[in-house]
């Protein structure tokens with residue numbers, strides 16, 4: 001059975017990631033892209049201003065009206081804001097970081113979580129710790145932020161952005177890091193390239209997203 005998912009991104013480059021990941025499934029994606037929240041949060045220095053929360057609520061409710069069977073959010077900043085927003089929707093919301101957290105929690109070795117956008121760190125780490133506690137998991141991780149990188153992808157300079165990701169990953173591996181995760185979908189291409197060339201385990205948000213979405217759509221014939 002054909003399914004439709006409304007997908008919210010902070011940058012256009014994430015559309016290709018999703019379309020490729022689900023190319024084998026009968027799922028139509030309606031993509032909504034709004035980088036405005038990222039800039040608003042950067043200016044306000046706070047995820048939880050009334051303007052930010054109201055805009056997020058309005059955006060999600062607008063998306064729910066497109067006839068979708070589910071809403072997928074790929075932006076970790078939007079996900080963090082949603083923690084403080086009350087919604088009355090019948091459409092399920094799939095948050096890209098939840099299956100990612102589940103994967104991280106299954107790994108008991110010390111690990112490093114890499115970010116390119118410093119504004120997403122606090123919200124993501126808070127949600128990860130809450131997820132681990134709720135599932136009675138203990139995780140040993142540290143956070144590394146790649147300086148002067150996120151603005152590259154926001155300006156459409158993907159090649160330069162990917163190179164920054166790869167350079168940092170190679171350096172961490174050189175320093176002896178064995179298990180690394182990249183917390184943002186935009187970092188997946190760089191992570192996958194480095195993983196192919198090294199023995200390191202590099203976890204990214206696409207690692208378990210497909211199975212999580214298909215499970216959400218359970219009971220229907222998603223696969224061709």
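Results, tabulated for the structure shown:
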quantity	calculated
Within segment 110-224, helices (runs of 4 or more DSSP H) holding 2 or more residues that are closer than 20 Å to residue 13 by Cα	150-154, 158-174, 188-197, 209-216
Residues that are under 14 Å from residue 123 (Cβ atoms) and either at pLDDT 90 or above or in contact with a helix residue (DSSP H, G or I) (Cβ under 6 Å, 6 or more places away or on another chain) (or both), drawn from segment 54-77	56, 73, 76, 77
Residue list for segment 59-76, restricted to those being farther than 11 Å from residue 10 by Cβ and either in contact (Cβ under 8 Å) with a residue 60 or more places away in the chain or outside the structural domain of residue 9 (by TED's automatic domain parsing) (or both)	66, 67, 68, 69, 70, 71, 72
Selected residue (only one of 52, 85, 81 is over 30 Å from residue 177 (Cα atoms), part of a loop (DSSP other than H, G, I, E, B) and under 19 Å from the mean Cα position of the chain (by Cα))	85
Residue tally, condition within 16 Å of the chain's Cα centre (by Cα) and closer than 11 Å to residue 114 by Cα, over segment 144-185	7
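The values are calculated or read from the model by the stated rules, or taken from the named source; none is laboratory data. Only a predicted model underlies this, so the values are computations on that prediction, with no experimental measurement involved. As a convention, Cβ positions derive from the backbone with ideal geometry for all residues, glycine included, and neighbour counts pool all protein chains shown.
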